[in-house]
Structure formats: C-alpha cells, structure tokens
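What follows is a set of notes on a single structure, which appears directly below.
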C-alpha cells in the first residue's frame, strides 16, 4: 500500500454542488413543495414614507373566495413583542406597522389565501386610511430641531452619539504640518441576490412550537431575537434552512422579520403558510446597506506621513434600528486606520433614523463606507501635497515585521506583508499604465490611475457590536465576545464519513471545500466524503455566532471541521494501533487505508477501522470512548470583549488587498472604460483557488455596480424610486471587465488552517480604487457614488459644476429624485365655453369622460369623489380620487386640486384650466399642472409617469371633445403636451 | 383566437422537454408557475417577474423566451425546453453544462438555468461566436455571484468542443 498523502486542499477540484444546479435539480426554498393544505401569503405595504394608520378595513378582503385570513399589525401586536435591537432606545421595532408607517414598503397587512393569486387579489380589497406626516430622508437633516421625529418615544432621530479617543489625537493635529480632509456621502445599495426571500411557517398550538423554514443567511444570532419576538422559549422555535440558497451577500439575514410575520400568519390561519417575496418588495424593503455621511481629517507631515485621524461618521439605519444594527458602523472599529500605522485616532459615531427601509447586512458590511473615505483621503493627501499617491500609501503602511500588530483602536492584525504585496502588484504594470496615461493625456483624453489599500477583516468578534455601548452600559449588560464555529464529522456502520456544518452556504461551495479538508485528515478521496449543509436548529449543532457572515467560512467553519476530523482520526489511530499491534504514533492514513508507517504488512482498509466502534465496541482500546460522531466547537481566544478604553479586536483575521485601476473617461457621454484592473490579495492559506477567484470576481462585479450603477434612491418625500431591475441597475456581462488577480500568502497564526476570509474585500477596495482613478482622470476632488454618466459628465465639464452637494436632499434635481410631473397643453373642443363649464361641473358627464372612471360622487358643488382604474406602465390599479374646484372664474378659468390613493400608491397635484372662445363657436382649453406620486407607481413606473400623465390627460380631453360635439368627429381634440 | 373565461381553468397541452404534458390553468396563470408548481419543473427560476433578470428563460419552439412574461395558456401546442431538458441523460451533463462546472461558471446556481438556455440557443445559431457576442448574449441575464468572466470562458470552451464534435465523423452527441 502506498503511503503517500494527497493534499486535496489547495486544489481547484470540481464542485460537488454543480451537477444538480446545472441540471435543474437544485433545492431552493421555492422548489421544495409544501405540505398539503399549505396557504399562501401576500403582503400589503405602505405607499407612504411616514403616516399614521387611521383605520384598516379588512371585511371586504376577508370575504373574497379563497381568502382564509387577513392579518394586521394589531393581530401581530397581540401575539408577539417588538424585535430587540442592538440599541437600547424606546423605539418599538415591529416587523409590521402597528399604528404608524415609517417607510415606503413597510408591511401593513398580510392576506392569507388558498393560492398566491387569490392572496394578491385580497390585498386590493383591504382599505386603509392614512394620515400622511412629514417625512425625513436625509441623515444630516434628520438631526435638525425641526425635523419630523420617527419614534416619538425615542425623543429624536439621533439615537446614538459616541465619541472615542485613542492615543493623543489633539496634540498630533496641533503639531502636524497639514490637516487634510474629505467629506463623503456614501449612498445606499444592496447585495440583490437573484433569489428573493422565502418563508414557510407552521405553528403547533398544542406544544406551542413554531416550525419555520426560511432561506436565512444564517439563523443563529437571529434565533434569540425571533424566539423572544414570538414569545416562545428557544426550544420551541425550530428554524430550518433549505439545501440550496440563491445567494445572500449578507442580505438574507433580513428574512428574519418575515419569519415572525409568516409564523404569526400561520398561527392565525391554523394552517402552514408560505410566502415568497417579489422583486419590488425585495428592492424596496429587504435590506439596504447603510448610507453614511463621513468627514475624515488627517494630521499629515509634509512628506505625507499621517500621525492622526479624526473620523466623524453619521450612520443612517433607516426607519428602525433592526438587529444587528448599528453593527455596520462598528464592524470596522478595530481597523479604522486601515493598512496604515497611525497611533492617534479621534472618532465620533452617530446613528440616525430616517424614513427609509431599515438597513442590515450587505457584503462588505461597513467596509465600503470606511475605505471610501480613507482611501479617498490618501489620494487627496497626495494631490494637495503634490506627492506621488503610491508613495503616500507606502510611507504609511504597517511595517512587514510588525505582525501581530495591535492597532490604535484595538484590533490585532494577525499577519501580513503589505510592502511585498504592493510591490508585486505594481512591478511591471504601473510603468506601462503611466505610459498609457501620458499618451492619452498628450492626445487630450482623460485617463487616470487609482490605487486602494484595504485591510479585509474576517471572523467577526461577537463583542464588537457592544462598542456602541459605554463601558458602564457594557458592564450592566454583561460581556459579549468570541466567534463560536462548529462542525460535526460522523462515521456510519460501513465506515463512510459524513460532515455537517452550521455554515448555511449560499452558493460558495462549502460542501466541496469541507470534503477536501476532511479527506486530507483521513487520507480518503475527497469524493468519498459526503457533506450536508442544510440546517435545522432543532437538532443540529450550532451557536449564536455560527454561520458564514463576515467571511468566516474558510477561517472558522473549515477550521472547526478540520478539528473535528482530527479528533476522530486520532482516536481511530489508537484503534488501529491496537489492531495492528503498532505504536499510535506510527499510524498513518492514506489512499483509503490505515497502516503502520514503515511496515507494509501492517495495513488495514480505512472502513474496517472506522466501522469498528459500531460493530464491536468491546474492542475499543482504553481511552477511546467512541468514534461515531465528533462535534467540534472553536472560538479564538484573541476575540475578547471591548476594553474599558473602548479598544476592540473586532475581527480575528485581517487579509490585505491592494488594487490598482486605470480608466478612461469620455467627458461628453460620461462613460468610463476600465482599461486595466489589478487586484492583489493576501487571504492567508488558500483552500480552493477556483473558489477564491470566484469570490474576488463576484465581489468585484458587485463593487462595480456600487461604483457606477446602483443606488436605492428615495425622493425628498420618502418615495422609493428604484423598485425594478430597470431602475436599480446591476452590472451585466457587457459592463463587467476581466480583471487580473494576484496573491501572496501570509498564513494566519490564529486559525486552524492558516486561512483568512476573502469574500468581501473587493466590495471595500474596488469602489474607492475606481473613484481614485476617475478623480485622477478628471482632476476632480469631490467624487460621489454612484458615478453615473450624468454625474461624470458634470464632473468633466468643470469645477464649478463638479461639486455635488454633500447630501442627497440638497441636490435632488440633479438625479431622478425630483418626481414632480409638470406639463401644460391645450385642446380645442367644438362647444362654447359655457357648455364646457357646465359639463365639467356635471357628475354624469365627468363619470363618462374621466379615463377608467367607475363612478363620481358629488359632495358639494365644487367637491367630487371618484373611483378610477389607472394604468402606468406595468402597474394598473384602482384608486379613490378626490377633486376640488377652486378660484372659479365662470366660465373662463378654474383651479382643480386633486388627490389619488390606492393600493398601488398615492398622487396629488393641481392644475389651472382656462376656457377661451376660439372664434369659431368652439373653445380652446388650456391647462397647466404640477403633480407628484408616491408608492408602488413611483418605485416601478417612475420613468413612465410623464408619458402616462400626458396620455391620461389626453384621454380626458379627447373624451370631453367627443362629448361636447359628438356630431363633429373632425373637431377631435388636438393635444400638445410638452415638458415644462 | 379562442376566448378564455377568466373565471375558469383551462386545459393547456404542450410538449415539455420532448414529452407531452398538460396543466390546468386560469388565463392569468404565469408560465413560470405552471412549469414550476403545476408540472414540477422547478429548474426554471423566478428572479424578478418583470423580464429583466433572465433567470426564467426557457425555449418556446426553439426560441428563448422569458417564462415570467408568458402566460401558461400561451404554451398551448408549443414545444418547451427547460434546463431539465438539456442533459443527454439523467446522470450526465451536456457539453455546455460540463464546461460551466469546469470553469466555476456558477456559484449559487439560481440564475444558471436561464443562462444555459440562452447560450444553448445561441450556440446552435452561431457556432463560432466572438467573446463580445457571448458577452451580449449573457448580458441578457443577471448573475450576482460570478462576475461573468467564468461564464464567458465556459461558453467559449463549449463552443469549441461542439465545433470539434460536429466536425468529427461520429454523429453521436458529445457529452460528458
């Protein structure tokens, strides 16, 4: 028997996951089928950013055929408690609005019916009366005295304000030759996994147990929150995960509130209930990354050496501080100095609430916001001090011999050699790019080069979130720390090996890598190891910190599997030594056999030794309890709770990225061509190069979207504007360039396999690297994401137009934020003004000429109510309209003021209508209007609204013309609409 | 054109991956729901329900179509191919599918079915595609995991293998 050891880890073996996924045999949540009798839910959502709910009428909806239950916030409040948040404030964190709505898309009611189609029908029949309130969307403005307050019990929108001081920042600033600063308003974006949320819930009223299947990113930290919200002990909340998940990128942690909603719906309906989120729901209300306003100052020497940083961060968590927020703001706390040796740091962290969807986990989680500010600052230091930007980076990097390196804010960087990484990345490449830049600029073109250095944290410390509390508050709450990971390896009676982990993969390929890691321990072919990764909190091993968030799979979960397999192998070695009459230290595992090293006669098939414990436990040698199943838990001792001085080792591992990009900007179109993109990574030991490359390419593509295309946009009144993939643009194959990926390896001394995380780095480094390249190309100082063509063309046009305001609200007209519809036009009608006037005040005439009208009710001579069906693009719905006539100047002019409300949204506006005799017995009707809409129509039909408004007005006047002069078809109204 | 009552279900018969099938459908039932929940062909996925993401792409009479923008009743009498119909046998992969596996051209696999369908149709029409042409075809789909480059690499390799196969004298279908 050959005693060679094949190391499967480190090889890009084909994934065991792929064949099923490629042939349509995946088992995603909506592929699984349900129990007979399962009902389907649809969720009614708020069209208002901020409004009191006056009443909810469910009678008509509940009476529809196939409808089993209508669940409202009051039902929810009867059976649950608000979800706990990371912040101790008096804001009630309900997963469905109870008395007030605070963002567009907030759940307001659930319809439960025999199928999804009937449930959606029922939503249209639920009648809700709202009293709209002023809304606030801008995080800075939300702190103003006069800003509307979202949660009156909390007293203000500013819900956390902490200052930190590390080292001696004030003297460092006082002594510095220069103070250089950047101000950044980082936009909202999201991971947008291709599969949306899904939940199937069931409630057992006798045992009081909720059994909930959901495509969580990981149900672990949220299990506690959900059990408390559902008012059951943890052992009566069973959360299960389907075998496959269609991507998460952090986002699927946000399915948690829906587990509560659908759980309660199932309890009320008395039957299992299934809900699959649609894309509009997802973009509008699932999970957004935080938008953040940052001012970052550096104390800098004339040579560009930074002695101190001063951070001021205002974090916008949306309408509710939903757990684990405000974690986005604190995840980077230990590494706020990035890759640089900076000993003095001042920091102010504020958390505000605004009328936007709640935020949560999104790939990069706090990193994009921090590194955009930090690496823009590095570039600005170079520009303002007339230094080479790469030299400024080099001058400040942590020295290679300094690891493990304790940062000013408390992180312990495990390993690294930043200088080697940077020099290897630029060698032979940068010179060529500089030549291209020189040639392009000589030809009058806009070509730029950008850099970014980033430390990529992974394996989060549970305790970092508590840095938001003061030391005093932390003492009261009890210490939190660590990063428990777990894996189970088991052997069956024929000696085959199975692995189970609590990592809930979403497509990364964990099953393949775990098979490689465990196969290496037992000397088996990796294909012989079977890995199961779907999860059931009712019977599988897990802990609160389990999961694969914070890029912790390779470092923590694979490490735990390695430990469990090693423990089992060591016990098998004792059995083998006993059986083969050899020393335990001499036992080897390879090629499917167990053998005594150096003695080819003493060899035995692996399965024989492995199965012995099942068949003849009496033969187990002393000291071996069993070899059937081994569950390892692992948490690194380095992850301690925050210190009294607020120092926090927020993550166990710290990878390094150095990116270099060159771009060319077309100043007239605002189009950016990425000429070259190089990304250098040090993620410690690499277990599967193909998957590491996949993580880097995928992260890069998402970062490309964040840089150029993606923003979850809101209007000033809180209307959500990007509810489709035609509005929230993701990069496609035609926009995503190939990139060059480089590696060095400095293994982590703190993880079982020497690995570090690699899943999020490019989401942190790429947006700012590209922004630096664009800044270099255009000579621009202030760069705001996303770098849309309009924004870039404005930047290219000149400095006076190149200053986007620091916050969205200040510059709404520059983008799609301004949804006011304005228009004017005229129409000729073949009847005298007096006749037209009479028609416009007549209920029956109005009913017959208003497009889609089902009936008009006259409340007074000048006040009408109507039921209308209107279609805007893909959205057709029924609305209640109210119209008032004012400023009457009979029969020449009147002002019409109207409002619309329906399940699909709201609208309001006014217009002045003038009637002028045309000299030929007819009338020239002139009109000018201004209107605004909100709700679903704004989110998904935004670009169609102008056209739709014109078409509806056109239909109105055409009908009026027909009615006024039915015998004269030649006098049909001619309509001229044009944009104001 | 037959008029269908909105209040009733209608029998819709068509060919799915070479076999005759029938499903009872209200006129408003989407083809995606009919395929997935009516017939159990869950390989076709639904990512946006407004025709942008491409996850639901199927072949209808050989041409790629967004099943989420198609009504079930529109499938009457048609030949429909879904991802379940691409492999030559249950335990094998098509040339394109195998190339996807070799190149790590999928991660979560949710969007993959639609991309395979579009490429299958395109490579039949254009056996010698340029990289740009492949990027345009895959550009009709959203993938959030891979960054697309491995998908393009897999498609190029599959195209080359399919060309070799069609040039070789053996008329057997090439599969892995």
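Bear in mind that the values in this text are calculations on the coordinates, not laboratory data. Everything numeric in this text was worked out from a predicted model, so none of it was measured. Positions of Cβ are backbone-derived with ideal geometry, glycine not excepted, and every protein chain shown enters the neighbour counts.
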Relative contact order %, chain A, counting alpha carbon pairs below 8 Å whose residues are six or more apart: 13
Working out 0.36 nm times the residue gap between residue A:726 and residue A:583, then minus their Cα-Cα distance, what length gain in nm do you get to one decimal? 44.7 nm
DSSP beta bridges in the stretch A:484-634 [antiparallel fraction, %, rounded to 5]: 85
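Counting DSSP beta bridges with both partners in the protein assembly as shown, what percentage is antiparallel, nearest 5?
90
Restricting to DSSP H runs of at least four residues, report the calculated mean residue ellipticity at 222 nm for chain A, -39500 (n - 2.57) per run over all residues, nearest 500 deg cm²/dmol. Don't jump to the answer; show the numbers that get you there.
Numbers: 24 runs with 257 residues, N = 980.
The helix-only estimate for chain A comes to -8000 deg cm²/dmol at 222 nm.
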Note: residue A:843 to residue A:224 extended length (0.36 nm per residue) minus current alpha-carbon separation gives 217.0 nm
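Using the Cα gyration tensor of the protein assembly as shown, with a ≥ b ≥ c the square roots of its eigenvalues, what is the shape: rounded (a/c below 1.5), prolate (a/b larger than b/c) or oblate (neither)?
Numbers: a/c = 1.68, a/b = 1.39, b/c = 1.21.
Prolate is the answer for the protein assembly as shown, as a/c is 1.5 or above and a/b outweighs b/c.
I'd like the FRET efficiency for residue A:539 and residue A:394, computed as 1/(1 + (r/R0)^6) with the beta carbon distance as r and R0 of 56 Å, rounded to 0.05. Write down the numbers at each step before the final one.
Working: r = 53 Å, r/R0 = 0.95.
Calculated value: 0.55.
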Based on the alpha-carbon gyration tensor of the stretch A:821-979 and its eigenvalue square roots a ≥ b ≥ c, which shape applies: rounded if a/c is under 1.5, prolate if not and a/b is larger than b/c, or oblate? prolate
Modelled label-to-label distance, residue A:797 and residue A:175, 7 Å Cα→beta-carbon offset: nm? 4.8
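Counting partner chain Cβ atoms within 10 Å of every residue's Cβ in A:236-247, what's the average?
Details: counts 0, 0, 0, 0, 0, 0, 0, 0, 3, 3, 11, 9.
Shielding by partners across A:236-247 averages 2.
Given contacts defined as C-alpha pairs under 8 Å and at least six residues apart, what's the relative contact order of the stretch A:423-566, whole-number percent? Don't skip to the end; give the middle numbers.
Numbers: 171 pairs, mean separation 38.2, N = 144.
Across the stretch A:423-566, relative contact order equals 26 percent.
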Enter the angle in degrees (range 0 to 90, nearest 10) between the Cα long axis of helix A:606-615 and the first principal axis of the Cα atoms of chain A, meaning the one along which they spread out most. 80
What FRET efficiency comes out for residue A:7 versus residue A:443 if R0 is 41 angstrom and r is the Cβ-Cβ distance? Round to the nearest 0.05. 0.20
For helix A:510-522, report the angle its Cα long axis makes with the longest principal axis of the Cα atoms of chain A; keep it between 0 and 90° and round to the nearest 10°. 0
What does the C-alpha gyration tensor say about the overall shape of the stretch B:81-173? Classify as rounded when a/c is under 1.5, otherwise prolate if a/b is larger than b/c, or oblate. oblate
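What relative contact order, as a whole-number percentage, does the stretch A:539-698 give when Cα pairs under 8 Å and 6 or more residues apart are counted? Can you show the working numbers first?
Working: 153 pairs, mean separation 23.1, N = 160.
Once divided by the residue count of the stretch A:539-698, the mean separation gives 14 percent.
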Residue A:597 versus residue A:671, label points 7 Å from Cα toward the beta carbon: distance in nm? 6.3
Here, residue B:167 and residue A:165, labelled 7 Å along Cα→Cβ, have an inter-label distance in nm of 7.6
Per residue, the convex hull enclosing the Cα atoms of the stretch A:346-483 spans a volume in Å³ of 189
Averaged over B:94-105, how many beta carbons belonging to a partner chain fall within 10 Å of each residue's beta carbon? 4
Calculate how steeply helix A:945-964 sits against the longest principal axis of the alpha-carbon atoms of chain A, using the helix alpha-carbon long axis, and give the answer as 0 to 90 degrees to the nearest 10. 30
Residue separation between residue A:419 and residue A:207 times 0.36 nm, minus their alpha-carbon distance, gives in nm 70.2 nm
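Taking R0 as 56 Å, what FRET efficiency do you get between residue A:98 and residue A:887 from their Cβ-Cβ distance, rounded to the nearest 0.05? Don't jump to the answer; show the numbers that get you there.
Numbers: r = 41 Å, r/R0 = 0.73.
My answer for the efficiency is 0.85.
Using a 10 Å cut-off around each Cβ of peptide B:48-61, what is the average number of partner chain Cβ atoms that fall inside? Don't jump to the answer; show the numbers that get you there.
Numbers: counts 11, 6, 10, 4, 9, 5, 3, 3, 0, 0, 0, 0, 0, 0.
Across the residues of B:48-61, the mean count of other-chain Cβ atoms within 10 Å is 4.
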Take the Cα atoms of the stretch B:10-85, build their convex hull, and give its volume per residue in Å³. 70
